[in-house]
1. Could you go through the stretch 99-114 in sequence order and give the Karplus-derived ³J(HN,Hα) for each residue, using 6.51 cos²θ - 1.76 cosθ + 1.60 with θ = phi - 60°, rounded to whole Hz, and x for Gly and Pro?
2. Where does the chain land on the Kirkwood hydrodynamic radius, alpha-carbon pairs, in angstrom?
3. In the Gaussian network model of the chain, springs joining C-alpha atoms below 10 Å, which of Gly78, Gly118, Gly166 carries the largest mean-square fluctuation?
4. If you average 1/r over all unlike Cα pairs in the stretch 1-63 and invert the result, what Kirkwood radius do you get in angstrom?
5. Pop out the carbon and sulfur fraction of the accessible area of the chain as a percent, whole number, probe 1.4 Å.
6. Most fluctuating residue of Ala122, Ala39, Ala69 in a GNM of the chain with Cα springs under 10 Å: which is it?
7. Please report how far the C-alpha centroid of the stretch 102-142 lies from that of the stretch 40-72, rounded to the nearest whole angstrom.
8. Using protein chains only and a probe of 1.4 angstrom, how many square angstrom of Leu83 are accessible, to the nearest 10?
Amino acid sequence: VGGFIGYLSGSTVNQSYATGTVENVEGSYDTGGFVGVNAGSATINDSYARGNVAGDVNVGGFVGYNFEATIHRSYAAGAVTGLNNAGGFVAFNDDGSIVSSFWDIDTSNQGSSSGATGKTTAEMHDEATYTDITTSGLTELWDFVGNPHEDEGTDDVWTIGEPNDGYPCLTWDQNCVPVASVDLETKPATDVTDSSVTLNGEAH
């Protein structure tokens, strides 16, 4: 059972996400916030899961069971509850490859994962976590808008925006609006009777 796909085999998923709660029945195996089982040379790129995940055996914030499959540049941020073998990102990684991927150790209540790197919520909200090669666990730079830090991408796959609560979101998603920079311009303090502030080009 997965928030996006239950069983993925031999296929590729790019730039996708799941945000709903995922619950599997007692005695169940392989529950993931994004994919339950990722197998058969399947590949997941640039994706995320933010829903809470609960199950029995092999419960992962992103993937429950990763068998000989690959995950690149993805993250999980939901709470993870499993009776037997739970992981913040992947519960059980069996000969698979997990590259430059992260999970939120604060929101997941999980301090370990079978692959990926745990980060605090503050770190998950920081673009440098995904774009600065000095970040622990980062070997492939994520492609963010504006090529911040050491990001060398040109496709602008990711941004930090709303209403995604400060977590990275995908630029194709029209609900993901980058946080606008606010340019404040004030007159000298000596002119307090006629001070003005400009917000995004409009005087107030």
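The values are calculated or read from the model by the stated rules, or taken from the named source; none is laboratory data. Owing to the predicted nature of the structure, the values given are computational and were not obtained by experimental measurement. Quick note on the areas: whole protein, heavy atoms, side chains included, nothing else; ligands and nucleic acids left out. Shrake-Rupley method; radii C 1.70, N 1.55, O 1.52, S 1.80 Å.
1. 10, 6, 10, 9, 9, 7, 6, 6, 6, 7, 6, 10, x, 9, 7, 7
2. 17.6 Å
3. In the Gaussian network model the winner is Gly166.
4. After inverting the pairwise mean of 1/r, the radius is 11.2 Å.
5. Carbon and sulfur together cover 47 percent of it.
6. Maximum fluctuation in the GNM of the chain, among the listed residues, is at Ala122.
7. When both Cα centres are located, 16 Å separates them.
8. Rounded to the nearest 10, that gives 130 Å².
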